[in-house]
Amino acid sequence: MKRKKQKIGWVILLITMLIFVLKVTLSPVKETIIFFPLHKEAQFIKAESQLNVTTSKISPYKYNLTYHLYSELDRSAYLRQDIGLLYRNGKLATIIGLKNWKQYSANLNQNDLIKDNDTAFYQAISYHYGEIQENSNITSVQTMSMDSLYIIKSKYSQTFNSFHHPQSELEKEWQDTLKPYIDNQLNAIWNKGMNELDINRHQYNLVIPLTELSTYKDKPLPGFTKRKSEEMIGKLWEGIYKNYLFGIKTEEGTSISPYGSTIPLLLFNRDKTEILVLIITKDFQPIILKQLI
């Protein structure tokens, strides 16, 4: 009788453990970036995105691109999360940080590795976020960082040269060739998408790709105060986080993978009521996300 009870006890324990493991395994990624009023004093001591390249150990004709994402807050936060988006020639190549959030921490340090074997222009844009809870008061703190890297494959020796900013005439020639080519491709895709969605570009006084939003981390958006700009940027990133990074949400309620999609184009309308986020999927389907101001 005693052995029977012990067996039953072990069975119950095993079932409980199995349920726990399944629950952990099947739990979806927790969505943690929510914009709250900005903390009046908290700030990031350091926030950076770094792109670096090394030759592959497997083959001299390939290279490894490392995307390093780091941030340090001036205090411990209830929740910390950094999100990094890496674009290759204007198309989304990888996302860092969706599953990596920490509680009661000030620092976050993340890395991702991309393997490639051809000429490319890489652009990284990162959003650094913290949620601070003091008694019943919940606030947030935020900043952005960015980086870009040109990787040029030699036509004759199959070796690679990389630079963030051109230091020679040859590197300047490559920048003047590669970036306009990619920009022209993106503009053609964006314009086609706007035509299909009947969007009049002239109704928007500021039109920038998401990769340039970081230029407004320390200065206000045109026509807005610094505080209002920070609020708009925080809410914009919350919307991008929920409706783009976890899958591009369509009007039909379906979700499309963001990988291979273009850099989102941000359109701020002249009457200061909304921001449109234009995304062109990998299959060239135009999608609009709307953020009210």
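The values are calculated or read from the model by the stated rules, or taken from the named source; none is laboratory data. This is a predicted model, so every value here is computed, not measured. Because the Cβ atoms are built from the backbone with ideal geometry, glycine has one as well, and the counts that use them run over all protein chains shown.
Figures for the structure shown
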read-out	value
Residue within segment 152-167 that is basic (Lys, Arg), more than 30 Å from residue 43 (Cβ to Cβ) and not in a helix (DSSP H, G or I) present	yes
Tally, over segment 48-91, of residues that are out of contact with any strand residue (DSSP E or B) (no Cβ under 7 Å at 6 or more places or on another chain) and more than 15 Å from residue 119 (Cβ to Cβ)	4
Filter result (under 17 Å from residue 58 (Cβ atoms) and charged (D, E, K, R)) within segment 147-161	153
Checking residue 226 against (1) under 18 Å from the mean Cα position of the chain (by Cα); (2) without any contact (Cβ under 8 Å) to a residue 24 or more places away in the chain, the condition it does not meet	(1)
Selection within segment 91-110 - in contact (Cβ under 8 Å) with a residue 40 or more places away in the chain, assigned to a loop (DSSP other than H, G, I, E, B) and either buried (at least 16 other Cβ atoms within 10 Å of the Cβ) or among the β-branched types (Val, Ile, Thr) (or both)	98
Odd one out for residue 41 among (1) part of a strand (DSSP E or B); (2) at pLDDT 95 or above; (3) surrounded by fewer than 14 Cβ atoms within 10 Å (Cβ to Cβ)	(1)
Residue 244 within 23 Å of residue 127 (Cα to Cα), among the hydroxyl-bearing types (Ser, Thr, Tyr) and outside any loop (DSSP other than H, G, I, E, B)	yes
Residue satisfying all of: in segment 190-205; more than 26 Å from the chain's Cα centre (by Cα) and at pLDDT below 95; nearest to residue 272 (Cα to Cα) among these	203
Hits in segment 65-90 (condition: part of a strand (DSSP E or B), under 21 Å from residue 161 (Cβ atoms) and more than 15 Å from the chain's Cα centre (by Cα))	65, 66
Flag for residue 150 being closer than 26 Å to residue 215 by Cα and of a type in the set (Phe, Trp, Tyr)	yes
Test result for residue 113, exposed (fewer than 15 other Cβ atoms within 10 Å of the Cβ) and part of a strand (DSSP E or B)	yes
Qualifying residues in segment 212-227 (those that are among the hydroxyl-bearing types (Ser, Thr, Tyr) and surrounded by fewer than 18 Cβ atoms within 10 Å (Cβ to Cβ)) - the one nearest to residue 37 (Cα to Cα)	225
Members of segment 249-276 found to be surrounded by fewer than 20 Cβ atoms within 10 Å (Cβ to Cβ), of a type outside the set (Gly, Ala, Ser) and not in a loop (DSSP other than H, G, I, E, B), listed by number	249, 256, 269, 274
Criterion violated by residue 173 - all others in (1) outside the structural domain of residue 71 (by TED's automatic domain parsing); (2) surrounded by 13 or more Cβ atoms within 10 Å (Cβ to Cβ) satisfied	(2)
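Yes/no matrix, rows are residues, columns are (1) in contact with a strand residue (DSSP E or B) (Cβ under 9 Å, 6 or more places away or on another chain); (2) assigned by TED's automatic domain parsing to the domain that holds residue 57; (3) at pLDDT 95 or above; (4) surrounded by 13 or more Cβ atoms within 10 Å (Cβ to Cβ):
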site	(1), (2), (3), (4)
124	yes, yes, yes, yes
143	yes, yes, yes, yes
147	yes, yes, yes, yes
154	yes, yes, no, no
161	yes, yes, no, yes
188	no, no, yes, no
